[in-house]
Each structure stands twice: as structure tokens, then as C-alpha cells.
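Visitor: For reference, the structure I am asking about is given below.
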Amino acid sequence: DHIFEKVNPEMEKLGYECKCLGGGKIEHNSKDKKIRVFGLSTGYGKADHSVTVEILKKEYTDYEITWSDDKK
């Protein structure tokens, strides 16, 4: 919630219209080259973590990237 509220006004200044489709957490372990996407936002619900993973895979090509519906 607090990240979207901080970023949205700046995106609107650039001419973008933003809508939060859900939330969650990202755990980044650079030592082991692993990223885990999980959890949900209490205000926005759960994002589609499979979409998040596909976006991350484009940038972190040498990482193991996973997602789950786990809350922790």
C-alpha cells in the first residue's frame, strides 16, 4: 500500500494511469541468485505472482525465481 501510494503520483506526472492489481513480497537472495515472490497485500489482495515472476525472469536471467501463495 505505501509503495503504490508513493510511486503512483510520480507515474501520473509522467502521463501514466496506474492501478494496483494486488500485492505481495519479494525475497531477493543475491548470494544464491534466488528470488521468491509470495504473500499478499492486506489492502489490495494477492497479485498474480506468475506475472511478476515472468517480468523478473527478463532481468534476472541467471536466477532461480519461484512463487507461492505462502504468506511467510
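The values are calculated or read from the model by the stated rules, or taken from the named source; none is laboratory data. What you see is a predicted model; the values in this text were computed from it and never measured. Calculation scope for accessible area: heavy atoms of the full protein, side chains included, ligands and nucleic acids excluded. Shrake-Rupley method; radii C 1.70, N 1.55, O 1.52, S 1.80 Å.
Visitor: Using a 1.4 Å probe over the heavy atoms of the protein chains, calculate the carbon and sulfur portion of the accessible area of the chain as a whole percent.
Guide: Accessible surface attributable to carbon and sulfur in the chain totals 52 percent.
Visitor: I'd like the accessible area for Leu40, computed on protein heavy atoms only with a 1.4 Å probe and all protein chains in place. Round to 10 Å², please.
Guide: 70
Visitor: What three numbers, in Å, describe the spread of the alpha carbons of region 20-71 along their principal axes, ordered from the longest?
Guide: Ordered largest first, region 20-71 gives principal extents of 32, 19, 13 Å.
Visitor: Just tell me which lysines come within less than 29 Å, Cα to Cα, of Lys72; anything on the same chain fewer than 8 places away is out.
Guide: Cross-link targets: Lys6, Lys19, Lys25, Lys31, Lys33, Lys34, Lys46, Lys57, Lys58.
Visitor: Using modelled backbone amide H atoms (1.01 Å from N, in-plane), which distant-in-sequence or interchain residues come within less than 5 Å of Lys25's amide H?
Guide: Here the answer is Phe38, Gly39, Leu40, since their amide H atoms fall under 5 Å of that of Lys25.
Visitor: Next up: Which angle from 0 to 90°, rounded to the nearest 10, does the C-alpha axis of helix 49-59 make with the longest principal axis of the chain?
Guide: Once rounded, the angle reads 80 degrees.
Visitor: Using θ = phi - 60° and the Karplus curve 6.51 cos²θ - 1.76 cosθ + 1.60, what whole-Hz ³J(HN,Hα) does each residue of region 67-72 get, with Gly and Pro shown as x?
Guide: Karplus values, whole Hz, x for Gly and Pro: 9, 7, 8, 4, 8, 10.
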